[in-house]
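Colleague: This is the structure, below, for whatever I ask next.
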Amino acid sequence: MRKEHQTTRGFTLVEMLVVMVVIAILAGIVLSINGLVQGKAARARTEAEIKALSAGCESYKADNGSYPQDATATDALDPRASGNPDAYRAASLFLYKQLSGDLNANGRLETTGTTPEPRSYLQDFFKPQILGGTVGSGGSMSAVTFLKDPYGNSYGYSTKGALAEQAYKTAVLTNPAAVRAANQGYNPTFDLWSTSGKTIAPTPGTATDVTLVWIKNW
């Protein structure tokens, strides 16, 4: 009785290349979809944080009669001219101190002792994910240096427009013909924004102005 021998056919080189191409295409699709989902999530979180910070500024004004404002930090920062988030840190830190009550920026609000700090205008908002700075051994912030957006950069906060509005109101008292200074920020109250991960300088009035992709309160 004759036995038949079975042979096993392997994949050809062409077949293996086709499989590898298909896998590469599928991996590219998955990665692109994942990037899109992450981008939408970051944008949604940024919008929510800007809305919360804006509400904190309104509460601060209700108590203090004006929005958080500092001559050397927030008045000096112009969103029309600066697109580098590293230049926002001083203004961002000032906003953090005023809204959190953490005046020494150590990541904690001391409510007792000889020099208790003021109350926070945003309870349970300033968590490690929104704070940039030095992290202590326990995983909590030990030194806050800026408010961090979901893209890892500093939020921008400017009162340059408010400063121009204040100067106009003062000038018009003695000179009814006085005019507001042009191109000083975007709002007569405050400007609050994230560059959405961009670090390009703005070019206001052009179709390629990078501020068009910023997430902002104007």
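The values are calculated or read from the model by the stated rules, or taken from the named source; none is laboratory data. Since the model is a prediction, treat every value here as computed from it, not as a measurement. Here the Cβ positions follow ideal geometry from the backbone for every residue, glycine too, while neighbour counts run over all protein chains shown.
Colleague: Of the conditions (1) at pLDDT below 95; (2) closer than 18 Å to residue 51 by Cα, residue 156 fails just one. Which one is it?
Modeller: Among (1) at pLDDT below 95; (2) closer than 18 Å to residue 51 by Cα, residue 156 violates only (1).
Colleague: Could you count how many residues in segment 134-151 are more than 18 Å from residue 107 (Cα to Cα) and without any contact (Cβ under 8 Å) to a residue 12 or more places away in the chain? So that I can check it myself, show each step before the final result.
Modeller: Residues of segment 134-151 that are more than 18 Å from residue 107 (Cα to Cα), as a first pass: 150-151.
Next cut, without any contact (Cβ under 8 Å) to a residue 12 or more places away in the chain only: none.
Residues in segment 134-151 being more than 18 Å from residue 107 (Cα to Cα) and without any contact (Cβ under 8 Å) to a residue 12 or more places away in the chain: 0 in total.
Colleague: Would you check which residues across segment 90-143 are in contact with a Gly (Cβ under 8 Å, 6 or more places away or on another chain) and of a type in the set (Lys, Arg) and list them?
Modeller: 119
Colleague: Out of 99, 93, 109, 147, I need the residue that is part of a loop (DSSP other than H, G, I, E, B) and among the hydrophobic types (A, V, I, L, M, F, W, C). Which one?
Modeller: Working: 99 fails: part of a loop (DSSP other than H, G, I, E, B); 93 fails: part of a loop (DSSP other than H, G, I, E, B); 147 fails: part of a loop (DSSP other than H, G, I, E, B).
Unique residue meeting the criteria: 109.
Colleague: Given the structure, is residue 111 at pLDDT below 95, surrounded by fewer than 14 Cβ atoms within 10 Å (Cβ to Cβ) and under 19 Å from the mean Cα position of the chain (by Cα)?
Modeller: Working: at pLDDT below 95: yes; surrounded by fewer than 14 Cβ atoms within 10 Å (Cβ to Cβ): yes; under 19 Å from the mean Cα position of the chain (by Cα): no.
Considered against the rule, which asks whether it is at pLDDT below 95, surrounded by fewer than 14 Cβ atoms within 10 Å (Cβ to Cβ) and under 19 Å from the mean Cα position of the chain (by Cα), residue 111 comes out as no.
Colleague: While we're looking at this one, here's another question. Residue 59 is checked against (1) under 19 Å from the mean Cα position of the chain (by Cα); (2) in a helix (DSSP H, G or I); (3) surrounded by 12 or more Cβ atoms within 10 Å (Cβ to Cβ); (4) of a type outside the set (Phe, Trp, Tyr) and fails just one. What number does that condition carry?
Modeller: (1)
Colleague: Please list, ordered by first then second residue, the pairs with beta carbon atoms under 6 Å, 6 or more apart or interchain, first in segment 47-60 and farther than 11 Å from residue 149 by Cβ, second of a type in the set (A, V, I, L, M, F, W, C) and in a helix (DSSP H, G or I).
Modeller: Partner pairs satisfying both residue conditions: 56/99.
Colleague: Mind counting the residues in segment 84-110 that are polar (S, T, N, Q) and without any contact (Cβ under 8 Å) to a residue 24 or more places away in the chain?
Modeller: We begin by selecting, within segment 84-110, every residue polar (S, T, N, Q); these are 84, 92, 98, 100, 104, 106.
From what is left, the residues that are without any contact (Cβ under 8 Å) to a residue 24 or more places away in the chain are 104.
Count: 1.
Condition check ((1) assigned to a helix (DSSP H, G or I); (2) touching a Ser or Thr at 6+ places or on another chain (Cβ under 7 Å); (3) aliphatic (A, V, I, L, M)) across all residues:
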residue	(1), (2), (3)
38	yes, no, no
46	yes, yes, no
54	yes, no, no
63	yes, no, no
73	no, no, yes
104	no, no, no
113	no, no, no
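Colleague: Moving to a separate point now. Which one of these is surrounded by fewer than 14 Cβ atoms within 10 Å (Cβ to Cβ) and more than 16 Å from residue 82 (Cα to Cα): 167, 182, 171, 162?
Modeller: Within the list 167, 182, 171, 162, the selection yields 182.
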